[in-house]
1. Test Asp184 against the criterion of being free of Cβ contacts under 8 Å to residues at least 24 places away in the same chain and either open to solvent by less than 10 Å² (accessible area, probe 1.4 Å) or among the charged types (D, E, K, R) (or both), and give yes or no.
2. Among the candidates His149, His217, which residue alone is in contact with an Asp or Glu (Cβ under 6 Å, 6 or more places away or on another chain) and more than 16 Å from the ligand (Cβ to nearest atom)?
3. Quick one: which residue in Arg321, Arg283, Arg292 is within 26 Å of the chain's Cα centre (by Cα) and farther than 19 Å from Phe352 by Cβ?
4. When only residues in the range 342-382 that are among the hydroxyl-bearing types (Ser, Thr, Tyr) and open to solvent by 40 Å² or more (accessible area, probe 1.4 Å) count, which is nearest to the ligand (Cβ to nearest atom)?
5. State the number of residues belonging to the range 52-67 that are over 13 Å from Phe124 (Cβ atoms) and within 21 Å of the chain's Cα centre (by Cα).
6. Quick one: in the range 383-400, of everything that is open to solvent by less than 10 Å² (accessible area, probe 1.4 Å) and within 8 Å of the chain's Cα centre (by Cα), which residue is nearest to the ligand (Cβ to nearest atom)?
7. For the range 287-302, which positions are in contact with a helix residue (DSSP H, G or I) (Cβ under 9 Å, 6 or more places away or on another chain) and either open to solvent by 60 Å² or more (accessible area, probe 1.4 Å) or within 17 Å of Ser387 (Cα to Cα) (or both)?
Amino acid sequence: MADKSRRQFLAALPAAAAVFSPRADLGAQAGAVRIDGRKLRERIEKLSVFGRPAGGVFADGVSRTAYSDADIAGRRFVMDEIRAAGFQPRIDPAGNIFARRPGGSGPPILFGSHIDSVPGGGNFDGDLGSLGALAVLEAFDAAGVAAQHPLEMVVWAHEEGFAFGRGTACSRIVAGLVDRSDMDVVWNGITRADAIRKIGGDPDRILEARRPKGTYHCYLELHIEQGGTLERANTAIGVVEGIVAIDRYEALITGFANHAGTTPIADRQDAMLAAAHLTIAVRDAVTRVPGRQVGTVGQIEITPNSPNVIPGRAQLSIELRDLSSRTLAAMMDDIRARAGEIAASTRTAIEFTQVVSQGAATATTDVQSAIERASESLGLNHSRLPSGAGHDAQNMALIGPMGMIFVPSVGGISHSPKELTHWGDCANGADVLLRTVLEVDRL
Ligand SMILES: [Zn+2]
């Protein structure tokens, strides 16, 4: 590793945590370590029972939404597996499950994912990264590999944005994004405090779940891609560059509601027509320049929404995603300019209000390189790509170095019972996670 990049990695760590004690290289010893792919598959299959539709099979997916009975049973199963593997699970006040492999010194290397699902979800989103993390701890133990840092796995609670209308909820708490009053929010007839109590957390001590910067040497997450890029390109491993930034706007178009039979076309102020042009303008702004940016008009409300009335008002959502906030701003400038022309030609007024501005979470450059070296050591081809979906890793990036490993999703399908990652790819991903742990252990 070049001195410069090592310095950059250390710079990403707060000074107090940057205590590195170079020790004898364990490369030769670690070179042969592999995870047990068969056991990983068995565990993913066993976990799939919790939340499976009645009378269903593995391919019918799961509904294991956060705080549900299925979620609680699934968490119990995973904790039993952790114990059976010889580790001691611990639930933090936010309900996250941690298990640490003793040994080493300084801040631990943390890795894991989540096991809650969306309603009608699949068996790989989150499950692979969680059980893959356990497979890595076991592989280290089985091979008797010493690491410089303690190794710790985590199963994040409440990752999917379903319960309480929010996602990555419990890693947010660990990253410090929590307020005591958040525990009073009610969803589905239950307070967030009671929901967290249900899964073994302690809402009265919720602020103690926060972890300061430098708590972890590095955070790693193995996850399915949830898009079709890797499968299409026949690429085994995706090295995540970061989790994209999201800008969301509300566009309000004001026209004039009038009779659909008696108002000549030339006299109309049709808000719906303007909305249609604006939707195309979003698409044009996104595709005008090369890149992986995306933009979506996903919601529209028309008033009065009647077949015999020219729409007088339209309200639509515009969501833009990219790793670069500069690209997002440029796309929005483009959309605003086009909106001016559309307003003039349709004789309407168009106003924008920004409702979401979520920054990107960049994966640490040195961790990306570590994942690449890990993939190469296993003879697996790899490519860098952004994550268009949110992950717990984005919160962990707030408190230390972060990296994510993607494996192919068949057909790019996720959040569906049809979600599928081939078993060989699951094992590859967990092996790359293991090797990446070894790589960052040396940084
Ligand atoms: Zn997930």
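The values are calculated or read from the model by the stated rules, or taken from the named source; none is laboratory data. Predicted model, so just to flag it, every value in this text is computed and none were measured. Quick reminder, even Gly has a Cβ in these numbers, built from the backbone with ideal geometry, and neighbours come from all protein chains shown. When the accessible area is computed, the model is the full protein with side chains, heavy atoms only, and any ligands, DNA or RNA have been set aside. Shrake-Rupley method; radii C 1.70, N 1.55, O 1.52, S 1.80 Å.
1. Yes: the conditions hold for Asp184.
2. None of the other options fit; the residue is His149.
3. On the way: Arg321 fails: farther than 19 Å from Phe352 by Cβ; Arg283 fails: farther than 19 Å from Phe352 by Cβ.
Among Arg321, Arg283, Arg292, only Arg292 is within 26 Å of the chain's Cα centre (by Cα) and farther than 19 Å from Phe352 by Cβ.
4. Within the range 342-382, the subset among the hydroxyl-bearing types (Ser, Thr, Tyr) is 345-346, 348, 353, 357, 362, 364-365, 369, 375, 377.
Narrowing further to those that are open to solvent by 40 Å² or more (accessible area, probe 1.4 Å): 345, 353, 357, 362, 365, 377.
On the way: Ser345: 43, Thr353: 30, Ser357: 23, Thr362: 19, Thr365: 24, Ser377: 26 Å.
Ranking the qualifying residues of the range 342-382, first place goes to Thr362.
5. From the range 52-67, those over 13 Å from Phe124 (Cβ atoms) are 52-57, 60, 63, 65-67; that's our starting set.
Those left that are additionally within 21 Å of the chain's Cα centre (by Cα): 63, 65-67.
Of the residues in that region, 4 qualify.
6. My answer is His391.
7. Restricting attention to the range 287-302, the residues satisfying the condition of being in contact with a helix residue (DSSP H, G or I) (Cβ under 9 Å, 6 or more places away or on another chain) are 288-289, 291-297, 300, 302.
Those that are in contact with a helix residue (DSSP H, G or I) (Cβ under 9 Å, 6 or more places away or on another chain) and either open to solvent by 60 Å² or more (accessible area, probe 1.4 Å) or within 17 Å of Ser387 (Cα to Cα) (or both): Arg288, Val289, Gly291, Arg292, Gln293, Val294, Gly295, Thr296, Ile300.
To keep it simple, each residue is scored yes or no on (1) under 28 Å from Pro408 (Cβ atoms); (2) at pLDDT 95 or above.
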{"residue": "Gln88", "(1), (2)": "no, yes"}
{"residue": "Gly104", "(1), (2)": "no, no"}
{"residue": "Ile109", "(1), (2)": "yes, yes"}
{"residue": "His114", "(1), (2)": "yes, yes"}
{"residue": "Ala139", "(1), (2)": "yes, yes"}
{"residue": "Ala147", "(1), (2)": "no, no"}
{"residue": "Pro150", "(1), (2)": "no, yes"}
{"residue": "Val154", "(1), (2)": "yes, yes"}
